[in-house]
Amino acid sequence: MTTTTEIFTVIGEPETDRNRKVDILKEMGFAWADLESENYWIDQVVGMNRAIYEELEQASRELWLILDKTARYIHGKHDLYQLIGIPTLLWDLIDLLPMPEKGVMSRYARFDYAVSPDGSIKMLELNADTPTGYVEASIATPWLCELAGIRSVNGRMKELVASAWAIEKPDTVACVAYGSHLEDSGTIEALAKHSGLNVQLEDCLDLWVDDGILKNGQGKPIHRMFALYPKEWMAHDDGGEALAYAVEKGYLHLFNSVHSILLQSKGLQAAAWGLYELDVLFDKQERETIGRYMLPTYNKPVFNGDFVSKSMFGREGGSVKIFDQSGELEMEDQEAFDTSELFPVVYQKRTGLSRIRTAAGELHLLVGMFMINGETAGLLGRAGGPITGNSSHFIPIGVLEPDEEINDNR
């Protein structure tokens, strides 16, 4: 089966023997293609129009520097920290620590985009702190695109991770529930492997702070750590204040940088849009990029209708509410934790996702673009409902050349 729109082409039919591919993917490091009898991975491939991909890549480079510039403008301004929802526990820490170089405030991040059926590209958000989807993008996507006979643009992800980690040199990589949470465990295992470094893998729940020194369950000190642990949770977890103290005193170096929380906040998009409307900070080219690729975003409900509200630190669709043309609630995420109970909310103009016809039905396609060590790194496809949450599927995305013949013999 090959279904085509002007922007995306869905290629192939799922194999009858799905388990064969699932087993191969598991051996490669992608162990959650099936989750509790649910088919997380769709055994088809999306081909993206090459011109759209090239525009998406250029937009990502430009938006990356625009948001970096916005975060630096906000740096040190506590009234703006409050406006974009930065927990007060982290204010002094953000001010005291040296600001990373331009373009690498986060070395491991992912944009999420809506690409509409007419080809317009709109940035929905930036996960600049703890993005997942790395295994799907760096390991599964290239292999599945090769089987489908189309080009993967994700081939440099491993190389860019190695270059980023060679600079940061973590001695420990951690996530919550390491060994039992398949996705997070597999993500840090792949990152550690691709880094080429000899690092210790740990469960965040086993770590503790002793007189400012972070230690693992065996009491071994940890000095440099990458963790799939959202930094905003330091303000709410029992050990968060002690962890912040360890970083503030220089006993622990976290990577991504603590400053990445400035980029992570969806409030930063509201700040960038406000500065754009005020004609402050940005040059002509930057203003053109903002107007074309960013959505009007505010920290107050200024829209009459056709908007989305979401927590400044919502993840996996949690806290997202969609409002119709008359301003009535049309849909909200019911599965992920609603972090709007803990953090402020932003209001964003609504935009449309392209729909693709897959073996799992007609689904909305969310397009992710990884940014690793300050460079565009690869695509992540997720397909689901209008709100992309925990129930969405992974579907690999490759890039089609003009008039390319699709090898559908898989």
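Residues in region 60-74: is at least one out of contact with any strand residue (DSSP E or B) (no Cβ under 8 Å at 6 or more places or on another chain), surrounded by fewer than 22 Cβ atoms within 10 Å (Cβ to Cβ) and small (G, A, S)?
no
Within 23 Å of the chain's Cα centre (by Cα) and at pLDDT 95 or above: which single residue out of D79, D43, D23 fits that description? Outline the logic, then answer.
On the way: D79 fails: within 23 Å of the chain's Cα centre (by Cα); D23 fails: within 23 Å of the chain's Cα centre (by Cα).
Answer to the selection: D43.
For Q200, only one of the following conditions fails: (1) open to solvent by 50 Å² or more (accessible area, probe 1.4 Å); (2) among the polar types (S, T, N, Q); (3) in contact with a His (Cβ under 8 Å, 6 or more places away or on another chain). What is its number?
(3)
Output the residues belonging to region 110-123 that are in a strand (DSSP E or B) and touching a helix residue (DSSP H, G or I) at 6+ places or on another chain (Cβ under 7 Å).
Start the filter on region 110-123 by keeping residues that are in a strand (DSSP E or B), which leaves 110-115, 121-123.
Within region 110-123, F111, Y113, V115, I121, K122, M123 qualify.
Of all residues in region 348-370, which are open to solvent by 40 Å² or more (accessible area, probe 1.4 Å) and not aliphatic (A, V, I, L, M)? Spell out how you get there, then give the answer.
Let us first name the residues in region 348-370 that are open to solvent by 40 Å² or more (accessible area, probe 1.4 Å), namely 349-351, 355, 357, 359-360, 362.
Passing the criteria: K349, R350, T351, R355, R357, E362.
Working carefully through the options Y81, Y113, find the one that is without any contact (Cβ under 8 Å) to a residue 40 or more places away in the chain and aromatic (F, W, Y).
Details: Y113 fails: without any contact (Cβ under 8 Å) to a residue 40 or more places away in the chain.
One residue alone meets the criteria, Y81.
Working only within region 337-359, note down all residues that are touching a strand residue (DSSP E or B) at 6+ places or on another chain (Cβ under 6 Å) and outside any strand (DSSP E or B).
T339, S340, F343, R350, T351, L353, S354
Would you mind stating whether A377 is within 26 Å of V46 (Cα to Cα), of a type in the set (A, V, I, L, M) and either at pLDDT 95 or above or part of a loop (DSSP other than H, G, I, E, B) (or both)?
On the way: within 26 Å of V46 (Cα to Cα): yes; of a type in the set (A, V, I, L, M): yes; either at pLDDT 95 or above or part of a loop (DSSP other than H, G, I, E, B) (or both): yes.
Judged against the criteria, A377 is a match.
How about region 25-50: which of its residues are open to solvent by 30 Å² or more (accessible area, probe 1.4 Å), in contact (Cβ under 8 Å) with a residue 40 or more places away in the chain and in a helix (DSSP H, G or I)?
Across region 25-50, the qualifying residues are M28, R50.
When you go through Y229, Y245 one by one, which is the residue that is of a type outside the set (A, V, I, L, M) and farther than 19 Å from R107 by Cβ? Step through it out loud before you land on a result.
Values: Y229 fails: farther than 19 Å from R107 by Cβ.
Result of the check over Y229, Y245: Y245.
Considering region 166-195 alone, what residues qualify as being more than 22 Å from R110 (Cβ to Cβ) and either among the charged types (D, E, K, R) or open to solvent by 60 Å² or more (accessible area, probe 1.4 Å) (or both)?
Narrowing region 166-195 to residues more than 22 Å from R110 (Cβ to Cβ): 169, 171-172, 179-180.
Selection gives K169, D171, G179, S180.
State yes or no: is G389 open to solvent by less than 20 Å² (accessible area, probe 1.4 Å) and at pLDDT below 95? Break it down into steps so the answer makes sense when it comes.
Details: open to solvent by less than 20 Å² (accessible area, probe 1.4 Å): yes; at pLDDT below 95: yes.
In short, yes.
The conditions are (1) in a loop (DSSP other than H, G, I, E, B); (2) surrounded by 15 or more Cβ atoms within 10 Å (Cβ to Cβ), and T9 fails exactly one of them. Which is it?
Of everything listed in (1) in a loop (DSSP other than H, G, I, E, B); (2) surrounded by 15 or more Cβ atoms within 10 Å (Cβ to Cβ), T9 misses just condition (1).
Tell me which residues, restricted to region 121-148, are more than 17 Å from the chain's Cα centre (by Cα), open to solvent by 30 Å² or more (accessible area, probe 1.4 Å) and touching a residue at least 12 places away in the same chain (Cβ under 8 Å).
Result: P142, W143, L147.
Scan region 307-314 and give yes if some residue there is charged (D, E, K, R), at pLDDT 95 or above and closer than 27 Å to G103 by Cβ, otherwise no. Quick ask: steps written out before the conclusion?
Residues of region 307-314 charged (D, E, K, R): 310.
If we keep only those that are at pLDDT 95 or above too, we end up with none.
Within region 307-314, none of the residues are charged (D, E, K, R), at pLDDT 95 or above and closer than 27 Å to G103 by Cβ.
Which of the residues that make up region 153-189 are part of a helix (DSSP H, G or I), free of Cβ contacts under 8 Å to residues at least 60 places away in the same chain and among the charged types (D, E, K, R)? Steps first, please.
Pass one, region 153-189, residues part of a helix (DSSP H, G or I): 157-168, 182-189.
Adding the requirement that they be free of Cβ contacts under 8 Å to residues at least 60 places away in the same chain leaves 158-159, 162, 166, 184-185, 187-188.
Those that are part of a helix (DSSP H, G or I), free of Cβ contacts under 8 Å to residues at least 60 places away in the same chain and among the charged types (D, E, K, R): K158, E159, D184.
Do any helices (runs of 4 or more DSSP H) entirely within region 230-287 hold 1 or more residues that are hydroxyl-bearing (S, T, Y), crowded, with 22+ Cβ neighbours inside 10 Å and at negative phi, and if so, which?
Working: elements: 240-248, 260-264, 267-277.
Counting at least 1 such residues, we get 260-264.
From (1) within 25 Å of W165 (Cβ to Cβ); (2) in contact with an Asp or Glu (Cβ under 8 Å, 6 or more places away or on another chain); (3) part of a loop (DSSP other than H, G, I, E, B); (4) open to solvent by less than 10 Å² (accessible area, probe 1.4 Å), pick out the condition that doesn't hold for S319.
If we test S319 against (1) within 25 Å of W165 (Cβ to Cβ); (2) in contact with an Asp or Glu (Cβ under 8 Å, 6 or more places away or on another chain); (3) part of a loop (DSSP other than H, G, I, E, B); (4) open to solvent by less than 10 Å² (accessible area, probe 1.4 Å), just (1) comes out false.
Given I222, I261, which one is in contact with an Asp or Glu (Cβ under 9 Å, 6 or more places away or on another chain), closer than 24 Å to D79 by Cβ and modelled with pLDDT of 95 or more?
Details: I222 fails: closer than 24 Å to D79 by Cβ.
The unique qualifying residue is I261.
The values are calculated or read from the model by the stated rules, or taken from the named source; none is laboratory data. Just so we're clear, the structure is a prediction, and the values are computed from it rather than from any experiment. Don't worry about glycine lacking a Cβ; one is built from the backbone with ideal geometry, like all the others, and counts go over all protein chains shown. Keep in mind that these areas ignore ligands, DNA and RNA; they rest on the heavy atoms of the full protein, side chains included. Shrake-Rupley method; radii C 1.70, N 1.55, O 1.52, S 1.80 Å.
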